[in-house]
Each structure stands twice: as structure tokens, then as C-alpha cells.
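Visitor: Okay, here's the structure, questions in a sec.
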Protein chains: 2
Amino acid sequence: MNRTEDRPVAVVDEHAHAWSPEEARIRFRAGLTGPTAGVAAGHTQANLLSVPRDWAYDVLVFCFRNKKACPVLDVTDAGSWTTALAPGADLRTDLPRYRVWRDGELVDEPTDVLAHWRDDLVSVLIGCSFTFEWALSEAGVPMRHIEQGSNVPMYVTSRQCRPAERLHGPLVVSMRPVPPTHLETAIRESRLMPEVHGDPVHCGPPEGLGIDDLGRPDFGDPVDAEPDDIPVFWACGVTPQAAVMASRPPFALTHAPGQMFITDARDEQYRVA
Amino acid sequence: MNRTEDRPVAVVDEHAHAWSPEEARIRFRAGLTGPTAGVAAGHTQANLLSVPRDWAYDVLVFCFRNKKACPVLDVTDAGSWTTALAPGADLRTDLPRYRVWRDGELVDEPTDVLAHWRDDLVSVLIGCSFTFEWALSEAGVPMRHIEQGSNVPMYVTSRQCRPAERLHGPLVVSMRPVPPTHLETAIRESRLMPEVHGDPVHCGPPEGLGIDDLGRPDFGDPVDAEPDDIPVFWACGVTPQAAVMASRPPFALTHAPGQMFITDARDEQYRVA
């Protein structure tokens with residue numbers, strides 16, 4: 001075991017927003033870890049799910065049927081660790097932290113997966129809500145978790161995804177507190193970016209999604225809201241990890257929640273207007 | 001053989017725009033055939049590709065890698081002829097006309113595929129440009145082929161799709177002549193509908209796509225343009241048929257070009273603003 005809590009974490013520093021995507025990947029490859037919100041600002045970040053070829057069909061159908069949570073940005077050939085989204089990147093080493101899953105159990109959280117790699121792994125890169133944070137910020141919507149230097153809070157909901165072959169599981173959401181005056185803007189701007197989760201799945205009381213306590217997220221950190229803020233919930237690319245936990249494929253690799261793959265693509269490429 | 005040219009075609013009539021989706025499907029199930037542009041106006045139409053389960057993974061990766069031409073709206077379980085897009089519909093009978101492919105060769109164009117159905121067929125429903133025609137018309141862009149009562153012209157281009165597993169082939173496009181005064185509107189409105197091909201892949205001289213003669217489309221009918229009209233080309237859901245021709249899977253079913261599956265979904269559901 002090599003879990004986050006067992007050792008000191010090198011936190012991404014305040015200059016990270018100005019790094020180029022390649023610079024960020026080189027640092028993560030060298031062992032730097034931490035949440036990537038705001039890193040290499042303006043460049044698209046992605047969720048990672050790698051499964052054996054035997055399970056890849058199930059994953060792709062699951063993604064098509066749950067497009068809001070799992071918008072696919074790229075699919076690799078089996079065994080390949082390269083992606084058209086970042087030529088020169090190595091998917092085995094260039095994320096800050098990974099999760100290794102066996103039979104649905106988290107067994108390791110290493111900073112690279114060289115020792116776990118298999119020749120039959122198909123990697124699916126899935127859009128991330130960090131991408132629309134750029135558009136929301138530009139439009140004046142405050143991003144509380146970035147201001148507070150913390151990872152976005154994520155919650156497992158009571159909504160089930162549409163199952164696909166051997167995969168099933170609950171919808172996972174990310175939450176951002178939004179002032180009422182900015183709610184319409186937040187909805188409109190994220191809707192214009194359908195490949196990175198699009199508009200919210202829910203605004204308002206967390207009970208609507210079966211979430212008991214916003215102060216205790218299932219992934220990421222709690223965020224401090226202003227008194228009038230409305231909790232706004234977007235479908236989250238951690239949803240495939242919840243499907244892995246529920247469906248127990250024999251083996252899977254993912255990113256650690258909030259510690260994403262940084263691509264060479266620009267956020268504005270995913271905006272349709 | 002049961003090809004279009006061998007027998008009279010019952011053409012969809014001028015009242016067809018007012019049919020409900022179910023009414024349209026019942027008529028097609030009963031044997032009515034013809035291009036579906038404008039039929040059950042306001043309801044989303046879809047391209048069909050059904051392949052044996054053994055080829056379905058190749059198709060899904062191909063669709064993800066060529067999303068502009070192949071935006072997937074639904075994937076069925078193997079053997080199932082039902083879709084979440086139109087509960088009650090039967091994918092084996094409810095399209096006006098089908099194409100049956102063996103080893104990449106067109107072997108039949110029946111009005112149902114009951115005799116060809118297999119228990120291992122996975123059906124993929126792909127977005128269709130007829131969906132954004134609604135938005136373009138609403139915005140005042142003339143739709144020449146609808147005015148002329150003909151099928152939209154489609155062309156095989158010199159651009160190759162990104163290959164996936166055993167599938168490869170050229171990009172197919174649909175073309176609409178657009179007055180210069182409406183060009184910006186046509187681009188903006190279609191861009192807002194990324195799940196039904198989004199914005200054009202090319203505007204202007206057809207040579208840019210390796211198309212020699214607009215008067216001789218590879219599928220559909222030629223369309224008469226006004227003198228100032230600019231030819232505008234959108235990625236087309238017939239692209240998977242071109243991949244079937246090029247890649248020669250042992251068996252596939254598709255819709256006949258321009259004779260689509262009519263879903264219960266509304267066109268505006270696919271507009272992101």
C-alpha cells in the first residue's frame with residue numbers, strides 16, 4: 001500500500017497556473033502530487049480510466065449511456081500510453097496520483113503506474129469540470145474552492161447511472177457554491193461546454209440527490225460557502241470510479257480524484273459558442 | 001435483391017411534417033418509404049448502424065474518435081431492437097428503408113430487416129443533420145433541398161477518418177447551399193447542436209474536400225443553388241456506411257441514406273443554448 005495519508009504530499013504551488021501543460025506533466029512525472037484545479041490554466045484536464053480490453057466495451061457503452069458524467073475525449077489502442085490530446089505525454093507517469101483497483105477494491109495510490117501497467121489496458125480520457133471553471137470565472141462566477149486553495153468537493157448521489165453490460169453504479173457529482181446573482185450565468189456557461197459535463201444536474205438542497213452532509217464529501221475537500229450561496233451540482237468524471245467500486249472488474253487504473261491528466265487542448269475548444 | 005431502383009417508391013407526402021413520430025414509424029413499418037427530411041417536424045432523426053457484437057467495440061471506438069461525423073445518441077444491448085429514444089419503436093421495421101451489407105458489399109435494400117436480424121446485433125443510433133435544419137430554418141436560413149422536395153446531397157470526401165481497430169474509411173458530408181448573408185447564422189446555429197454534427201467541416205469550393213462535381217452526389221439528390229449561394233458541408237452520419245464499405249465487416253445493417261429512424265426526442269433537446 002502506498003496511500004496518500006501515509007506520507008507527506010508535495011502540494012502544487014501558487015505558480016502552477018502559469019505552467020505549460022508539458023511543464024506540469026514533467027513535474028508530475030518527477031513525483032509532484034496534488035489537486036490540479038487551476039494548474040496550467042486554460043488547458044483541458046481529463047479523468048482517466050484504464051481497464052483490460054475485455055472490459056473496454058462495457059466502459060464505452062457505459063460512457064455513451066451516461067454521457068453527462070462520462071463525456072469521452074479520447075480512447076487509446078490497447079496497451080498504448082499515448083493520446084492524441086497530448087502528443088509526447090505518458091499516461092503511466094504524467095498524472096499527479098493514480099488509483100489502482102482490484103475486484104473493485106482500492107489497493108494502491110501510487111504516483112506512477114509503471115509497475116501496474118498491462119499490455120491489454122485500454123485508456124479512456126473523460127472530460128472534467130475544471131474545464132468549464134475557466135468559462136465560469138471569465139463570466140464572473142466565483143470559484144470558492146480555488147479561492148480557498150482546496151480540491152473541489154465530490155459526492156456519491158442516490159441517482160443510479162444507466163447500466164451497461166457488466167457496469168453499473170451511482171452518479172457522482174462535483175459541487176460549487178454559487179451566489180444567486182450568478183446562478184443563471186453558471187448554468188448558461190457550463191451548458192455551452194457539453195463535452196465537459198455541460199449544465200448542472202441539480203441546483204439547491206443536496207437532499208434532492210440523496211446527499212446528507214455537504215461538509216463531508218466522498219472525494220475532495222469541503223468548501224466554505226457564503227451565506228446566500230446555492231449549492232450547484234455537476235455530473236462528475238469520478239462516476240466511472242464509483243462504477244468500478246460497484247461492479248468490481250478484476251483490474252482498473254484511474255486518476256486520484258481531483259488530480260487530473262493535463263492535456264495540450266485548450267479549454268475554449270470545448271466551448272460551442 | 002430488393003433494390004430501390006427495381007420498384008416504385010411510395011414517397012412521403014406533403015402532410016408528413018405534421019405526423020407524430022409514432023404515426024411516422026407506423027407508416028414506415030407498414031411499408032411506406034422515402035427521404036425523411038421534414039417528417040414529424042421537430043422530432044430528432046437518427047442514423048442506424050447495426051453490427052455483430054464482435055464488431056461493436058470497433059464501431060464504438062470509431063464513433064468516439066470521429067465524433068463530429070458519428071455522434072452516438074444511443075447504443076442497444078446485443079439482440080435488442082428497442083431504444084430509450086423511442087419506447088415502443090422496433091428498429092427492425094420502423095425505418096423507411098434499410099441497407100444490408102455483407103463483407104462491405106450492399107446486398108439488399110429492404111423496407112424491414114426481420115429476415116436479416118441476428119441475436120448478436122448491437123445497434124448504434126447516430127445524430128443526423130436533419131435535427132439542426134429545424135434550428136437553421138427557425139433562424140431564417142433557407143433549406144433548398146426541403147423547398148425542392150428532395151433528399152439532401154451527400155458526398156464521400158478525400159478526408160480520412162481517424163481509424164479504430166478494424167474500421168477505417170473516408171469522411172462523408174452533407175451539403176446545403178447557404179446565401180452569404182445567412183452563412184454566419186448557419187455556422188452559429190449548427191455549432192450549438194454538437195450532438196447532431198455541430199458546425200460545418202468546410203464552407204466554399206468543394207475541391208477543398210476532394211469533391212469534383214456537386215451535381216453528382218454519392219448519396220441523396222443534387223440540389224439547385226441560387227447564384228450567390230455558398231456550398232456548406234457538414235459531417236454526415238452516412239460516414240459509418242463508408243467505413244463498412246472500406247473495412248468490410250462480415251455483416252452490417254444500416255438505414256438507407258436520407259431515410260432515417262424517427263425518435264420521440266425533440267430537436268431542441270440537442271441545442272445547448
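Visitor: How much mean residue ellipticity at 222 nm does chain B get from its helices, if each DSSP H run of length 4 or more adds -39500 (n - 2.57) and you divide by all residues, to the nearest 500 deg cm²/dmol?
Guide: Numbers: 6 runs with 53 residues, N = 273.
Calculated at 222 nm, the ellipticity per residue is -5500 deg cm²/dmol.
Visitor: If you place +1 on the Cβ of every Lys and Arg and -1 on the Cβ of every Asp and Glu, how big does the dipole about the Cα centre of chain A come out, in debye to the nearest 20?
Guide: Values: 25 positive and 39 negative charges, 144 e Å.
With only Lys, Arg, Asp and Glu charged at Cβ, the dipole is about 680 debye.
Visitor: Further, regarding this structure: Rounded to the nearest 0.05, what FRET efficiency do B:ILE26 and B:MET245 have when you use their Cβ-Cβ distance and R0 = 30 Å?
Guide: Working: r = 32 Å, r/R0 = 1.05.
Calculated value: 0.40.
Visitor: How large is the charge dipole for region A:130-235, taken about the Cα centre, if only the Cβ atoms of Lys, Arg (+1) and Asp, Glu (-1) carry charge, to the nearest 20 debye?
Guide: Numbers: 8 positive and 17 negative charges, 91 e Å.
Once rounded to the nearest 20, the dipole reads 440 debye.
Visitor: Follow-up question, since we're still on this one. Take the Cα pairs of region B:130-235, get the Kirkwood Rh, then feed it into Stokes-Einstein at 4 °C and 1.567 mPa s and tell me D in µm²/s.
Guide: 92 µm²/s
Visitor: Short version: ³J(HN,Hα) in whole Hz for each residue of region A:153-170, in order, from phi by Karplus 6.51 cos²θ - 1.76 cosθ + 1.60 (θ = phi - 60°), x for Gly and Pro, what are they?
Guide: Once rounded to whole Hz, the list reads x, 10, 9, 7, 9, 8, 7, 8, 6, 6, x, 8, 6, 8, 9, 8, x, x.
Visitor: Measuring from a point 7 Å out along Cα→Cβ, what nm distances, shortest first, does B:ARG266 have to its partners in the other copies?
Guide: 3.6
Visitor: A follow-up question, please. Given a cut-off of under 8 Å on Cα pairs at least six residues apart, what relative contact order in percent is computed for region A:130-235? Don't jump to the answer; show the numbers that get you there.
Guide: Values: 188 pairs, mean separation 37.9, N = 106.
With pairs under 8 Å counted, the relative contact order is 36 percent.
Visitor: Roughly speaking, what is the stretch gain from A:ARG188 to A:HIS168, that is 0.36 nm per residue apart minus the C-alpha to C-alpha distance, in nm to one decimal? Walk me through the numbers on the way to the answer.
Guide: On the way: separation 20, 0.36 × 20 = 7.20 nm, distance 3.00 nm.
So the extension gain works out to 4.2 nm.
Visitor: Order these by the 10 Å Cβ neighbour count, fewest first: A:CYS236, B:CYS161.
Guide: Details: A:CYS236 31, B:CYS161 24.
Listing A:CYS236, B:CYS161 from fewest to most nearby Cβ atoms yields B:CYS161, A:CYS236.
Visitor: Let me ask you something else. Starting from a label point 7 Å past Cα on the Cβ side, list the distances from A:ILE26 to the same position in the other copies, nm, shortest first.
Guide: 6.8
Visitor: Output needed for chain A: three equivalent-ellipsoid semi-axes, defined as square roots of 5 times the C-alpha gyration tensor eigenvalues, in descending order, whole Å.
Guide: 26, 21, 18
Visitor: Continuing with this model, one more query. Name the residue from B:HIS15, B:PHE261, B:VAL122 whose Cα lies farthest towards the positive end of the charge dipole of chain B, charges +1 on Cβ of Lys and Arg and -1 on Cβ of Asp and Glu.
Guide: Highest projection toward the positive end goes to B:VAL122.
Visitor: A further question on this structure: Per residue of B:186-198, what is the mean number of Cβ atoms on other protein chains within 10 angstrom of that residue's Cβ?
Guide: Values: counts 0, 0, 2, 0, 1, 4, 5, 2, 7, 3, 0, 0, 2.
Mean partner-chain Cβ count within 10 Å for B:186-198: 2.
Visitor: Quick one: dipole size for region B:143-200, taken about the Cα centre, charges +1 on Lys/Arg Cβ and -1 on Asp/Glu Cβ, in debye to the nearest 20. Please report the intermediate quantities before stating the final value.
Guide: Details: 7 positive and 6 negative charges, 40 e Å.
About 200 debye.
Visitor: Sorted by mean Cβ packing within 10 Å, highest first, what order do the peptides B:63-69, A:13-19, A:200-206 take?
Guide: On the way: B:63-69: 22.0, A:13-19: 13.1, A:200-206: 16.9.
Top of the packing list down: B:63-69, A:200-206, A:13-19.
Visitor: While we're on this one: Using Cα centres only, tell me the gap between region A:190-248 and region B:122-167 in whole Å.
Guide: Distance between centres, Cα-based: 35 Å.
Visitor: What FRET efficiency comes out for A:CYS203 versus B:ALA115 if R0 is 45 angstrom and r is the Cβ-Cβ distance? Round to the nearest 0.05.
Guide: On the way: r = 51 Å, r/R0 = 1.13.
Rounded to the nearest 0.05, the efficiency is 0.35.
Visitor: Here's something else I'd like to know. Based on the Cβ-Cβ distance of B:ALA41 and A:GLN269, what FRET efficiency does E = 1/(1 + (r/R0)^6) give at R0 = 45 Å, to the nearest 0.05? Kindly include the intermediate steps, with their values, before the conclusion.
Guide: Working: r = 33 Å, r/R0 = 0.73.
Plugging the Cβ-Cβ distance into 1/(1 + (r/R0)^6) gives 0.85.
Visitor: Quote to one decimal, in nm, the extra length available between A:ASP13 and A:ARG159 on full extension: 0.36 nm per residue of separation minus the C-alpha distance between them.
Guide: Working: separation 146, 0.36 × 146 = 52.56 nm, distance 3.60 nm.
Full-extension gain reported as 49.0 nm.
Visitor: At 7 angstrom along the Cα-to-beta-carbon line, where would the label on A:ASP120 sit relative to the other copies? Give the distances in nm, shortest first.
Guide: Ordered by increasing distance: 1.9 nm.
We did not get these values from a lab; they are worked out from the coordinates using the rules stated. Every value quoted in this text rests on a predicted model; they were computed, and no experiment measured them. Counting neighbours? That spans all protein chains shown, and the Cβs are built from the backbone with ideal geometry, glycine included.
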